[in-house]
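The values are calculated or read from the model by the stated rules, or taken from the named source; none is laboratory data. Keep in mind that what you see is a predicted model, and the values were worked out from it rather than measured. So basically every Cβ, Gly included, is an ideal-geometry build from the backbone, and we count neighbours across all protein chains shown. When the accessible area is computed, the model is the full protein with side chains, heavy atoms only, and any ligands, DNA or RNA have been set aside. Shrake-Rupley method; radii C 1.70, N 1.55, O 1.52, S 1.80 Å.
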Amino acid sequence: MTYNLSKMAILIFLLVIAYCLSNAFSIVLLGDKKLLSNNLYNISNIFLLVINWKFILSMTLAILSRILFILINSSLLKVPYLAGSATTISVFITLVSIIFILVVNHYFLNETLNIRQGIGAFIVLAGVFIMLSK
């Protein structure tokens with residue numbers, strides 16, 4: 001079956017954005033300090049955590065992230081020159097979510113971003129670009 005390469009590129013791009021957002025918000029929901037401040041070595045506190053709406057939504061987003069990873073991998077398999085290493089490339093592409101996580105944590109959890117994180121984000125983006133360039 002022949003696939004239009006530009007349509008596949010757009011599809012992969014949209015899947016990666018969806019993956020990054022679902023992954024980042026899954027993590028930011030679990031990063032809520034109030035949610036984690038209880039003694040989580042106590043079984044009753046773990047039960048309270050598991051029934052918390054933030055935990056449930058976070059786990060739903062985490063499952064969505066795994067499904068999106070599979071869809072990204074499947075889409076890469078349809079691109080002839082990427083098919084031989086689709087899973088490896090999927091892993092590198094999804095590393096872009098680290099940048100989304102840093103930004104979302106900064107805005108929603110008031111965590112600070114420093115120059116090393118900025119340099120690391122640049123290195124990740126450069127690596128993804130190098131991996132995908134022909």
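Values computed for the structure shown
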read-out: Residue list for the range 26-41, restricted to those being modelled with pLDDT of 85 or more, open to solvent by less than 60 Å² (accessible area, probe 1.4 Å) and hydrophobic (A, V, I, L, M, F, W, C); value: 28, 29, 30
read-out: Some residue of the range 75-90 being assigned to a helix (DSSP H, G or I), farther than 14 Å from residue 26 by Cα and under 12 Å from the mean Cα position of the chain (by Cα); value: yes
read-out: Conditions (1) surrounded by fewer than 14 Cβ atoms within 10 Å (Cβ to Cβ); (2) under 28 Å from residue 8 (Cα atoms): number failed by residue 53; value: (2)
read-out: From 65, 44, residue being at pLDDT below 90, among the hydroxyl-bearing types (Ser, Thr, Tyr) and not in a loop (DSSP other than H, G, I, E, B); value: 44
read-out: Yes/no for residue 14 being closer than 30 Å to residue 107 by Cα, touching a residue at least 24 places away in the same chain (Cβ under 8 Å), assigned to a helix (DSSP H, G or I) and open to solvent by 70 Å² or more (accessible area, probe 1.4 Å); value: no
read-out: Residue in the range 26-45 that is touching a residue at least 40 places away in the same chain (Cβ under 8 Å) and within 25 Å of residue 128 (Cα to Cα) present; value: yes
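Yes/no matrix, rows are residues, columns are (1) surrounded by 14 or more Cβ atoms within 10 Å (Cβ to Cβ); (2) under 24 Å from residue 5 (Cα atoms):
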{"position": "57", "(1), (2)": "yes, no"}
{"position": "80", "(1), (2)": "no, yes"}
{"position": "93", "(1), (2)": "yes, yes"}
{"position": "96", "(1), (2)": "yes, yes"}
{"position": "101", "(1), (2)": "yes, no"}
{"position": "104", "(1), (2)": "yes, no"}
{"position": "110", "(1), (2)": "no, no"}
